[in-house]
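Remarks on the structure that follows.
The values are calculated or read from the model by the stated rules, or taken from the named source; none is laboratory data. Keep in mind that this is a model prediction, so the values were computed, not measured. All Cβ positions, even for glycine, are placed from backbone atoms using ideal geometry, and neighbour counts span all protein chains on display. Ligands, DNA and RNA are excluded from the accessible area calculation, which covers all protein heavy atoms including side chains. Shrake-Rupley method; radii C 1.70, N 1.55, O 1.52, S 1.80 Å.
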Amino acid sequence: MFLEVLVNKLHESIWRHPEALQYLRSRGVTEEEIKEYHIGASRVVIIPKDGSQDCENFQKETARGRKLENKVIFPIYDMIGRVVGLFGRSIETKEFKFILTAEGKFTGVLLGFYQALPYIYETGKVFVVEGPFDLMAFRKVYKNSVAALTAGLSDSQYMLLQFFSKTIITVFDSDKPGQFATEEAKERWPNVVSVNLGYHDPDKCREVLQGGFEKYVKTRVDGVVLF
C-alpha cells in the first residue's frame, strides 16, 4: 500500500532532517519514541502511486505531497498495524494536516492505538488525550494512552475503545472545547470518566513541571481512577 511505503520513506528521512529532530526534542519526544511511533519528516514529499482511489485522494488533499513538507508526520495505525492515515504538524507554525483513508474514516482511528493496545489489554483502561504531543507527554506515565486528534470522542472512536477497555478516561484540554467534550462524553457513555490536570493540556503540564510531571499526573489520576 502506498501509505506504508510513504511512512517508511518519511521515517528514514527524518534522521537527515535536523530541524525536525530538534523540534521534536523541544516538544519532549525522545529518539526511542520517534522510532516506536515511526514518526517521519521530509523537506520534499513525493507520494508513491499505486493506482488506488485512496492514493488519488491523498494526492489531491496534500497537493501531491506539498502540504506535508516541513512537517513532522505521525502515522496513524489501525488495530492490526496497517497505516490508515497521517497527522502532520508544522515545525514552524501551528499548522497541521490530518488525512485518513476511506477505511480509516469508516472505522474510526486514534493516534497511538496500535502501540497502546497491549497496555489497554493489560489494564482494561485507556486514557484519551487530544493532540499528538499530549499523547507523547501522557504516555510517559501511562502507556495505555491514545490521542483523539480533536476535542472529544466520535461514536466510531468510542466503539473501538469500549471493545477493548472497560474504562475510558478522558484527559482533554482545559479550554472551552475540551471541557464541553469532557462533559458530553460523560453524559453519553457511562464507562467514561475524566481527569483534569489543572493545566491547559498534558503537553503544557509536562513542559512546566519537567521532572515532577509523572508524580503530579499519578496524583491527579489516583483521585479519579482505581487501578
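Here are the numbers:
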| read-out | value |
| --- | --- |
| Heavy-atom accessible area per residue - the chain, 1.4 Å, Å² | 48 Å² |
| C-alpha long axis of helix 113-123 to longest principal axis of the chain, angle in ° | 30 degrees |
| Residues of type lysines that Lys105 reaches as a straight line, Cα spacing below 23 Å, ignoring anything fewer than 8 places off in the same chain | Lys49, Lys60, Lys67, Lys71, Lys97 |
| Accessible carbon and sulfur surface of the chain relative to its total accessible area, %, 1.4 Å | 53 percent |
| Low-density loop cleavage sites - trypsin sites (Lys or Arg not before Pro) in segment 55-137, where at most 11 other Cβ are within 10 Å (DSSP) | Lys94 |
| Label of the coordinate-derived value, Rg and Dmax of the Cα atoms in Å, listed as (1) 21.8, 65; (2) 19.3, 60; (3) 17.2, 52 | (3) |
| Value of relative contact order over segment 54-153, rounded to a whole percent, pairs C-alpha under 8 Å and six or more apart | 21 percent |
| Segment 97-227 - Kirkwood radius from inverse mean 1/r over Cα pairs (Å) | 14.6 Å |
| Estimated [θ] at 222 nm from DSSP helical runs (n ≥ 4, -39500 (n - 2.57)) normalised by residues in the chain, nearest 500 | -13000 deg cm²/dmol |
| In segment 155-222, trypsin sites (Lys or Arg not before Pro) in a DSSP loop with at most 11 other beta-carbon atoms within 10 Å | Lys166 |
| Of Val128, Val44, Val109, the one that fluctuates the most in a GNM where the chain has Cα springs shorter than 10 Å | Val44 |
